[in-house]
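J.: One structure coming up, written as structure tokens, with questions to follow.
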Amino acid sequence: MARTAAASPFAPDPAAEHRRLLGERGETIAARHLTRLGLVLVDRNWRCDAGEIDLVLRDGAVLVICEVKTRTSTDYGDPLEAVTPVKVARLRRLAARWLRVHGCHPEDVRIDMVGVLARPGRPVEVEHVEGIG
């Protein structure tokens, strides 16, 4: 009787690791792009029990909460299409939590989105949208 090995819950998932690395690369590209535009990086990958904020930046007196979506193709849509109204509402809640935790009281808070399209063999495309919600 042949036995097949069951997948260990502790075995690395190559697809998950690929997504994680792609996300990290996209966040690095987005952070570099935004700082070249004059924004100042304040925090990156801030996590709490309610979720994660990819990038927190300052644009003058405005605190910017930035969601980054990275794709290697548009087969499943443009990276910017990945942010739904539900995600924007969650980002608002996360922004309020970040402000409370850090005791920060900026003049204004803005939620931005950066879409990174990193197709193999082609130049990386970066699209920044200010004030998505």
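Read-outs: derived from the displayed coordinates by stated rules, not from any lab. Note that this is a predicted model, so its numbers are computed, not measured. Cβ placement follows ideal geometry from the backbone for every residue including glycine, while neighbour counts extend to all protein chains displayed.
J.: Which label belongs to the value computed from this structure, given these candidates for Cα extents along the principal axes in Å: (i) 42, 32, 24; (ii) 70, 36, 24; (iii) 32, 32, 26?
T.: Of the listed options (i) 42, 32, 24; (ii) 70, 36, 24; (iii) 32, 32, 26, (ii) comes from this structure.
J.: So how tilted is helix 85-102 from the main axis of the chain? Cα-based, degrees 0 to 90, rounded to 10.
T.: On a 0 to 90 degree scale, this one is about 60.
J.: For the chain, build the charge dipole from Cβ charges (+1 Lys, Arg; -1 Asp, Glu) around the Cα centre, then report which of Thr84, Cys48, Gly23 sits farthest towards its positive end.
T.: Of the candidates, Cys48 comes out farthest on the positive side.
J.: Beta carbons within 10 angstrom, averaged per residue: use that to sort the peptides 27-34, 47-54, 61-68, highest first. Don't skip to the end; give the middle numbers.
T.: On the way: 27-34: 18.4, 47-54: 13.2, 61-68: 21.6.
So the peptides 27-34, 47-54, 61-68, ranked by packing, come out 61-68, 27-34, 47-54.
J.: With each run of n ≥ 4 DSSP H residues scored as -39500 (n - 2.57), what mean residue ellipticity at 222 nm is computed for the chain after dividing by its residue count and rounding to the nearest 500 deg cm²/dmol? Write down the numbers at each step before the final one.
T.: Numbers: 2 runs with 41 residues, N = 133.
The helix-only estimate for the chain comes to -10500 deg cm²/dmol at 222 nm.
J.: Further, regarding this structure: Angle, helix 14-36 long axis vs. longest principal axis of the chain, Cα atoms, 0 to 90°, nearest 10?
T.: 20
J.: Taking H as built 1.01 Å from N, whose amide H comes closer than 5 Å to the amide H of Asp112, not counting residues under 5 places away?
T.: Ile65, Cys66, Glu67, Gly131, Ile132
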